[in-house]
């Protein structure tokens with residue numbers, strides 16, 4: 001027999017208040033569900049076998065908590081309007097989760113653990129926040145927040161990692177930290193106080209950060225195997241820092257805007273490649289490339305750096321260690 005609970009709640013602000021709850025246990029599993037209409041709230045607690053949970057609330061002091069433990073896990077929360085919040089904790093096997101919240105003090109917290117992990121959070125408007133932490137196996141995460149005090153924090157750990165954070169308007173901040181295996185990350189933030197940091201570690205790294213206008217800053221740190229990084233920032237107080245270590249280093253930075261762009265790329269490895277383009281004036285670019293200690297191939301390391309700066313008052317610095325290095329700097 002399977003233990004499965006599906007709680008579907010539609011609570012509309014100003015409607016007649018109601019309350020319902022149920023409890024039970026089956027094959028060592030337990031489930032609890034509760035909701036309040038108008039003053040919405042919902043809790044589901046499941047343990048064991050074909051888990052599934054759903055809460056659907058429309059309107060008022062929404063909140064929800066869903067805890068699952070073993071096997072077919074699934075979960076879904078949809079809340080539309082007011083003090084939204086959602087906690088989902090899943091544990092082992094088929095994990096998935098999806099939270100969609102629309103308007104007001106949004107918040108989300110998802111934590112998954114072992115096996116086919118996946119998560120998707122979409123929040124629409126106001127004090128957005130989302131944090132997803134995944135752990136082992138098929139990891140993936142997708143956070144999309146649209147308007148206001150956005151933050152998003154994703155931590156993934158082992159195996160197929162992936163992550164996409166897209167935030168649209170206002171006080172953005174995004175932080176992704178991945179650990180081992182198939183990494184990738186994609187952060188795109190649009191208009192206002194952007195910041196973005198990605199920290200990847202050992203294996204098939206990748207990262208793309210695109211930030212458009214205002215107080216941009218981006219930092220990528222990659223370590224070990226097929227690194228690649230691509231940062232594009234458009235206008236205002238841009239800064240970009242990339243640090244790569246290992247084989248296959250490749251970094252590209254494009255900064256456009258009226259001036260004061262800053263870019264720093266540090267690469268340690270073998271056959272490093274760096275490309276920087278800066279538009280405007282008073283740009284600063286620094287590239288440092290060198291062979292990793294103990295590689296014993298310093299003389300064979302063929303680093304390449306290309307820097308293009310437009311405008312006036314530009315400064316560029318390139319440091320390369322190894323043999324057969326090439327550096328091209330264009331200022332005009």
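The values are calculated or read from the model by the stated rules, or taken from the named source; none is laboratory data. This structure is a prediction, so every number in the text was calculated from the model and none was measured. So basically every Cβ, Gly included, is an ideal-geometry build from the backbone, and we count neighbours across all protein chains shown.
At-a-glance table
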quantity	calculated
Near pairs, Cβ below 8 angstrom, 6+ apart or cross-chain, from the stretch 97-108 (under 16 Å from residue 151 (Cα atoms) and not assigned by TED's automatic domain parsing to the domain that holds residue 152) to any residue that is modelled with pLDDT of 95 or more and in a strand (DSSP E or B)	none
Members of the stretch 50-80 that are farther than 16 Å from residue 93 by Cβ and outside the structural domain of residue 117 (by TED's automatic domain parsing)	54, 55, 56, 57, 58, 59, 60, 61, 62, 63, 64, 65
Scan of the stretch 22-47 for residues that are surrounded by fewer than 20 Cβ atoms within 10 Å (Cβ to Cβ) and either out of contact with any strand residue (DSSP E or B) (no Cβ under 7 Å at 6 or more places or on another chain) or at pLDDT 50 or above (or both), ordered by number	25, 26, 27, 28, 38, 39, 43, 45, 47
Given (1) over 25 Å from residue 232 (Cα atoms); (2) modelled with pLDDT of 95 or more; (3) surrounded by fewer than 19 Cβ atoms within 10 Å (Cβ to Cβ), number of the condition residue 182 does not satisfy	(1)
Subset tally (residues that are assigned to a strand (DSSP E or B) and modelled with pLDDT of 80 or more) for the stretch 268-300	14
Members of the stretch 170-185 that are outside any loop (DSSP other than H, G, I, E, B) and within 21 Å of residue 134 (Cβ to Cβ)	174, 175, 176, 177, 180, 181
When residues of the stretch 301-321 are limited to those that are assigned to a loop (DSSP other than H, G, I, E, B) and over 18 Å from residue 277 (Cβ atoms), the one modelled with the lowest pLDDT	301
Strands (runs of 3 or more DSSP E) wholly inside the stretch 186-237 containing at least 1 residues that are outside the structural domain of residue 147 (by TED's automatic domain parsing) and more than 13 Å from the chain's Cα centre (by Cα)	none
Some residue of the stretch 249-259 being crowded, with 20+ Cβ neighbours inside 10 Å, in the same structural domain as residue 308 (by TED's automatic domain parsing), within 24 Å of the chain's Cα centre (by Cα) and farther than 17 Å from residue 210 by Cα	yes
Checking residue 79 against (1) in a loop (DSSP other than H, G, I, E, B); (2) surrounded by 24 or more Cβ atoms within 10 Å (Cβ to Cβ), the condition it does not meet	(1)
Filtered residues of the stretch 142-159 (kept if within 18 Å of residue 93 (Cβ to Cβ) and either modelled with pLDDT of 95 or more or within 9 Å of the chain's Cα centre (by Cα) (or both))	156, 158, 159
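Table: residues versus (1) closer than 15 Å to residue 199 by Cβ; (2) surrounded by 24 or more Cβ atoms within 10 Å (Cβ to Cβ); (3) in contact with a helix residue (DSSP H, G or I) (Cβ under 6 Å, 6 or more places away or on another chain).
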residue	(1), (2), (3)
126	no, no, no
132	no, yes, no
142	no, no, no
146	no, no, no
160	no, no, no
164	no, no, no
167	no, yes, no
173	yes, no, no
